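Taken together, the values in this text are just the output of simple stated rules run on the coordinates, not laboratory data. Note that the structure is a prediction, hence the values are computed from the model and not measured. Every residue, glycine as well, gets a Cβ built from its backbone with ideal geometry; the counts of neighbours run over all protein chains shown.
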Amino acid sequence: MCTGSCAKCLGWALIPLAVGGFLANVLLFFPGGKALDNKDHLSDEVWYFGGILGSGVLMIFPALVFLGLKNNDCCGCCGNESCGKRFAMLSSTLFAVTGFLGAGYSFAVSAVGINRGPRCLLQDNSWGYPFSGGDYLTDKNLWKLCQGPQDIIPWNLTLFSILLVIGGVQMFLCAIQVVNGLLGTLCGDCGCCGCCGGDGPV
């Protein structure tokens, strides 16, 4: 597959993942599907905007760059018909690194959120983190330490797990584009230099 076509496929794959990460983070602001009267009762990791910024906004830019690579003019740059395409592939590598870092941020925030557990209403009517070291993941009897909001533990656990998976997949796809972009920089797209056996733009 040509490097430009590969990048376009990666771009299309990143778009729904970015939207999914954004929505998952937004839902974390409504534990159990309900808005809290006091926003200070939300878990700290929700306010780090891992899904909104890392897997969401920061991922849109690399995705759009990847999608536009096939439409870039690869001829007439510095008298070399493949120069323009090579430069575009190099720039896509830089955007892929940015996307990788954003996804990595979302992945890390989600992992911390899962390990720490949610902030919830305790038995003494105070709000805090009753779990430590992810012990509640293997012992559901500990869930009774949270008196509210209703279903806060499965809510946070599910959404942070979704963000964790999305971040991991995005990191993988961006890593692929780093390699693909470097190959395109060195070789040019198959439609420009024929290094992949192409005779024209694909």
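Around the amide H of G128, modelled in the peptide plane, lie the amide H atoms of C120, L122, all under 5 Å away and 5 or more residues distant in sequence or on another chain. The stretch between D139 and I176, if pulled fully straight at 0.36 nm per residue, gains 9.5 nm over its current Cα-Cα span. Our coupling estimate for the stretch 11-22, obtained by passing each phi through the Karplus curve with A = 6.51, B = -1.76, C = 1.60 and θ = phi - 60°, is x, 5, 6, 6, 4, x, 5, 5, 5, x, x, 4 Hz, Gly and Pro reported as x. Ordered by the number of other Cβ atoms lying within 10 Å of each residue's own Cβ, fewest first, I153, I60 fall into the sequence I60, I153. 3J(HN,Hα) couplings calculated from phi for the stretch 173-184 with the Karplus curve 6.51 cos²θ - 1.76 cosθ + 1.60 (θ = phi - 60°) are, in sequence order, 5, 5, 5, 4, 5, 4, 5, 4, x, 5, 5, x Hz; Gly and Pro show x. Each label point was placed 7 Å from the Cα along the Cα-to-Cβ direction; for S91 and D37 their separation is 5.3 nm.
For the stretch 3-193, the gyration tensor built on C-alpha atoms gives a prolate shape. Its axis ratio a/c (a ≥ b ≥ c) is at least 1.5, and a/b is the larger of a/b and b/c. Computed from phi, the 3J(HN,Hα) profile of the stretch 54-62 under the Karplus parametrisation 6.51, -1.76, 1.60 (θ = phi - 60°) reads x, 8, x, 4, 5, 8, 5, 5, x Hz, with x in place of Gly and Pro. When the stretch 3-193 is described by a simple charge dipole with +1 on each Lys and Arg Cβ and -1 on each Asp and Glu Cβ, the residue from F172, F29, L101 located farthest towards its positive end is F172. Indicate the gyration tensor shape class of the stretch 130-177 (rounded, prolate or oblate), computed on the Cα atoms with a ≥ b ≥ c the square roots of the eigenvalues: a/c under 1.5 is rounded; otherwise a/b larger than b/c is prolate and the rest oblate. Since a/c reaches 1.5 and a/b is larger than b/c, the shape of the stretch 130-177 is classed as prolate.
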